[in-house]
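Nothing in this text is a laboratory measurement; each read-out follows from the coordinates by a stated rule. Remember, predicted model here, so these are calculated numbers, not experimental data. Glycine gets a Cβ as well: all are built from the backbone with ideal geometry, and neighbour counts include every protein chain shown.
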Amino acid sequence: MLDLVIRGAKVFCEGELRELEIAVRDGKIVKLARAVPHEQAEVEVNARGLVALPGGIDVHVHFRDPGHTHKESWYTGSCAAAAGGITTVIDQPNTTPPTVDGRSFKKKLRRARRLSIVDFGINGGVVEDNMEKLDVLAHAGVMAFGEIFMGESTNARALEMEVLKAALEEIARLGLPACVHAEDMRTIERCEPEARGDQTMYHMLARPPAAEARAVMDVVNIARSIGGLRLHICHVSTRDGVGMVRNAKYIGMRASCEVTPHHLLLSEVHAQRLGSRAKVNPPLRSEEHVRALWAALRSGTIDVLASDHAPHTLAEKEQHVFDAPSGLPGVETLLPLMLMCVRENRLSLHRLVDALCTRPASLFGIEGKGRIALGYDADIALFDMKRPEKIDAEVLHSKAGWSPFEGMEAVFPMLTVSRGEVVFDRIRNEDVVGEKGRGRWVIPGGCGDGAQYGDGDGAQ
């Protein structure tokens, strides 16, 4: 007996849309065929007119749990993920307590196992006094190390350069990715006092493009001196930052980077309109940088799309810009916004699936995910590409209660399947249907030697 059969969809499989039916047993895809025989199935979905994509892998979320569950929790964050077609998330370590040793890791893992409705990985943190704990965290099953902060951010202090180098040497020995938040603290400290004279542009002036460029240059040079490090630059936001990652790839370094929808679809113009709500690290940039990010995403120089889902309540965000915390919600809108870009011919479907499904799985060593293929986890999202909707924060699932993309059009899923189980269903008007705690802990399936690092060769 089959657990699930999806009939009538156009399925993204082997790099193209194909008219296939999908059969699932024990959470795995067991058959892909023009017509699956009508044997008994527990659930059968009529997906005629819909597009079936692999469930998204968001490698950068902050679910704020434990410690800040008034902003988000493993349950609400995972519900938002499912409602956006995301079936696997990787949570960052700057919670309270931060995930910097075995005890804090186990505490977060217990909560995620009890609450998450989608699969999840957990990153380990790097701080000045936990160098001897990195080995413990690696053996406990962290997906990667980071965000590693070169500049201060929410609940995170910047590392001194000698500490950063020592940490990266140890992470290289352990064979896991090092995910770096690249903003140079020295540049920020120099620019911040003068920036306070312009409240509208304060945050952009305090953390200028030069802060990212300097930090990426420094960490690339450190990684090159170490050799073999799997370096991943988080939320790249500038032309020069992308250029340095491109150069690192060119000389054969194991370097990758990600970009967020807010750095692709919003700019300084939106920041002036949104005020303190738009405060995010790194800041929103000028159109010049936005254009460079789009070009790098299309070419494959930018490997990954990620949300950097970092929710705060509206009351917290509406404080004075000097006091408001940095961060934007985005896990639920990540894939829908980028599908709208596909619909508008700004991005190919092939590149979107590569950046949000296939390449994240490869880079982070996540086996059995990122593709619709025989033997893979049945992580699938169904979309009606003819049905864009305006984003309405009132119907989103995050505790944040607001969105910087309010009113923008997006293509939301009609159904999300995680390991063969329906977790979100608008076909039958049921919304989130995944049970708390059904999400499975994902650990790296090896050292990631099979990871593909995009070389910016023009792949669309």
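So if each residue of separation counts as 0.36 nm, and I subtract the Cα-Cα distance between residue 26 and residue 205, what length gain in nm does that give?
Details: separation 179, 0.36 × 179 = 64.44 nm, distance 5.27 nm.
That works out to 59.2 nm of additional length.
Go ahead and run the numbers for FRET between residue 291 and residue 131, Cβ-Cβ distance against an R0 of 41 Å, rounding to 0.05.
Values: r = 40 Å, r/R0 = 0.98.
Efficiency, from the Cβ-Cβ distance: 0.50.
So what are the ³J(HN,Hα) numbers for the stretch 56-64, from phi and the Karplus equation (6.51, -1.76, 1.60; θ = phi - 60°), rounded to whole Hz, Gly and Pro as x?
Those phi angles translate into x, 10, 9, 7, 8, 10, 10, 8, 6 Hz.
Can you pull the one-decimal nm distance between simple spin-label points at residue 192 and residue 390, each 7 Å off the Cα toward Cβ?
3.9
Starting from the Cα-Cα distance between residue 367 and residue 251, subtract it from 0.36 nm times their residue separation and give me the gain in nm to one decimal. Intermediate values should be presented prior to the final figure.
Numbers: separation 116, 0.36 × 116 = 41.76 nm, distance 2.76 nm.
Computed gain between residue 367 and residue 251 is 39.0 nm.
To two decimal places, what compactness ratio does the stretch 1-113 give when its Cα radius of gyration is scaled by 2.2 N^0.38 Å?
Numbers: Rg = 18.4 Å, N = 113, 2.2 N^0.38 = 13.3 Å.
Relative to the rule-of-thumb radius for its length, the stretch 1-113 sits at 1.39.
Treating only the Cβ atoms of Lys and Arg (+1) and Asp and Glu (-1) as charged, compute the dipole magnitude of the chain about its Cα centre; round to the nearest 20 debye. Write out the running numbers ahead of the final one.
Values: 56 positive and 63 negative charges, 123 e Å.
For the chain, the charge dipole is close to 600 debye.
Once both axes come from the Cα atoms, what is the angle between helix 185-195 and the longest principal axis of the chain, in degrees from 0 to 90, rounded to 10?
Tilt relative to the chain: about 80 degrees.
Between helix 209-226 and the chain, what is the angle of the helix's C-alpha long axis to the longest principal axis, kept within 0 to 90° and rounded to the nearest 10?
So the inclination is approximately 80 degrees.
Just to be sure I understand the model, the point goes 7 Å from the Cα along the line to the Cβ. What's the resulting residue 173 to residue 70 distance in nm?
The modelled label-to-label distance comes out at 4.2 nm.
Taking other Cβ within 10 Å of each residue's Cβ, how do 75, 376, 250 sort, fewest first? It would help to have the intermediate numbers written out before the result.
Numbers: 75 24, 376 18, 250 12.
Sorted ascending by nearby Cβ count, the order is 250, 376, 75.
Can you put 441, 74, 294 in order, fewest other beta carbons within 10 Å first? Each step should come with its number before you reach the end.
On the way: 441 14, 74 27, 294 18.
So the ranking, lowest neighbour count to highest, is 441, 294, 74.
Taking the Cα atoms only, what angle lies between the long axis of helix 74-83 and the longest principal axis of the chain, rounded to 10 degrees?
60
Before anything else, pin down the relative contact order of the stretch 56-363: Cα pairs under 8 Å, at least 6 apart, normalised by residue count, whole percent. Numbers along the way, then the final one.
Values: 641 pairs, mean separation 54.5, N = 308.
Value for the stretch 56-363: 18 percent.
Tell me the label-point distance for the pair residue 107, residue 348, using the 7 Å Cα-to-Cβ offset, in nm and rounded to one decimal.
Distance between the two pseudo-spin positions: 4.7 nm.
Kindly write out, for the stretch 279-286 in residue order, the coupling ³J(HN,Hα) from the Karplus curve 6.51 cos²θ - 1.76 cosθ + 1.60 (θ = phi - 60°), rounded to whole Hz, with x marking Gly and Pro.
So the Karplus estimates, Gly and Pro as x, are 5, 7, 10, x, x, 5, 10, 6 Hz.
Among 299, 78, which comes first, then next, by fewest other beta-carbon atoms within 10 Å?
Values: 299 18, 78 35.
Result, fewest neighbours first: 299, 78.
Could you give the length gained on full extension between residue 14 and residue 1, defined as 0.36 nm per residue of separation minus the Cα-Cα distance, in nm? Don't jump to the answer; show the numbers that get you there.
Details: separation 13, 0.36 × 13 = 4.68 nm, distance 2.65 nm.
Taking residue 14 through residue 1 to full extension adds about 2.0 nm, to one decimal.
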